[in-house]
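Structure, as structure tokens:
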Amino acid sequence: MVAIAALTVAFFALPLAGLVQRASWSNVGADLTSPEALAAARLSLVCSLSATVLSVLFGLPLAWSLARLRIPGKPVVRALVLLPLVLPPVVGGVALLAAFSRRGILGSRLFDWFGVQLTFATPGAILAETFVALPFFVITVEGALRSMDTRYEDVAATLGAGRWLAFRRVTLPLIAPSLVAGAVLAWARALGEFGATITFAGNIEGRTQTLPLAVYLLLESKPDTAVALSLVLLAVSLLVIVLLRDRWLERS
């Protein structure tokens with residue numbers, strides 16, 4: 001058992017070691033400050049942070065509804081919300097095209113009525129990242145709401161607090177660590193999104209080319225820069241796992 005476990009760990013560790021070994025450490029600074037890398041990093045921060053904000057704004061009411069309300073067909077609703085967790089990202093991008101492109105169900109109306117085109121634009125990249133990141137926030141916060149002791153809310157109600165006041169003064173502070181954990185997980189997932197973004201928004205430098213897309217494009221023309229950017233994404237992912245291991249990973 002120990003030998004098999006060691007082989008399994010090596011299976012995960014060796015590719016990362018190979019990535020570290022392949023890096024041109026003497027030129028990492030220049031690679032990370034190249035115009036392509038800076039543009040991709042700037043756009044990745046804008047898109048991933050925007051996707052995180054949208055995930056919190058829309059995910060918190062959804063998580064509360066799933067945890068507290070008796071919704072007809074709740075298992076189906078929950079499965080629909082969590083579907084992007086297991087859905088191939090490219091399929092998610094195709095689905096977004098069917099819904100939000102200029103010929104999509106809603107996208108055609110957005111373009112005809114307001115002149116809004118989401119495909120091949122930064123808002124499209126944000127939408128694609130929100131699509132894959134939102135379930136991580138919902139599942140984390142819903143779990144916290146389900147495990148929370150509701151007697152505190154009952155006591156607040158007996159003291160005259162309305163639902164909104166009890167939610168703001170009692171519920172939110174109690175689930176605050178899970179809110180932070182869910183937001184960080186959503187941000188990390190948005191930062192690393194590739195398939196849905198390139199399928200729905202394209203790979204346009206300065207508009208939709210985030211860090212993962214830049215790595216894919218630079219791998220042939222500038223492999224050293226691609227490896228340097230890969231190391232940045234690796235470091236961010238590792239940091240998120242380390243920071244959240246007690247709050248999220250060990251609970252799972």
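Simple rule: put +1 on each Lys or Arg Cβ and -1 on each Asp or Glu Cβ in the chain, find the dipole, and look at Trp164, Phe194, Ala99; the Cα lying farthest toward the positive end is Trp164. Between Ser24 and Leu234, the simple label model (points 7 Å from Cα in the Cβ direction) yields a spacing of 1.7 nm.
Against the main long axis of the alpha-carbon atoms of the chain, helix 122-147 sits at an angle near 40°.
Going from the residue with the fewest nearby Cβ atoms within 10 Å to the one with the most, Arg189, Arg163 rank Arg163, Arg189.
Please report the net charge: other residues with Cβ closer than 14 Å to the Cβ of Ala63, K and R +1, D and E -1. Summing Lys and Arg as +1 and Asp and Glu as -1 gives +3. For the chain, taking the reciprocal of the average inverse distance between every pair of different Cα atoms yields a Kirkwood hydrodynamic radius of 20.2 Å.
Put a plus charge on the Cβ of each Lys and Arg, a minus charge on the Cβ of each Asp and Glu, and nothing anywhere else: the dipole of segment 32-249 about its Cα centre is then about 720 debye.
For segment 13-78 and segment 131-203, what is the separation of their C-alpha centers, rounded to whole Å? Between the Cα centre of segment 13-78 and that of segment 131-203, the gap is 16 Å.
Against the chain, whose longest principal axis is taken from its Cα atoms, helix 2-22 shows a tilt of about 60°. If you wrap the Cα atoms of segment 98-165 in a convex hull and average its projected area over all directions, you get 7.3 nm². Among Arg151, Arg109, Arg207, the order by Cβ neighbours within 10 angstrom, fewest to most, reads Arg151, Arg109, Arg207. Spacing of the modelled spin labels on Val94 and Phe11, each 7 Å from Cα toward Cβ, amounts to 2.8 nm.
Every number here is computed from the coordinates shown, using simple stated rules; none is lab data. Just so we're clear, the structure is a prediction, and the values are computed from it rather than from any experiment. When we count neighbours, we look across all protein chains shown, and the Cβ atoms used for this are built from the backbone with ideal geometry, even at glycine.
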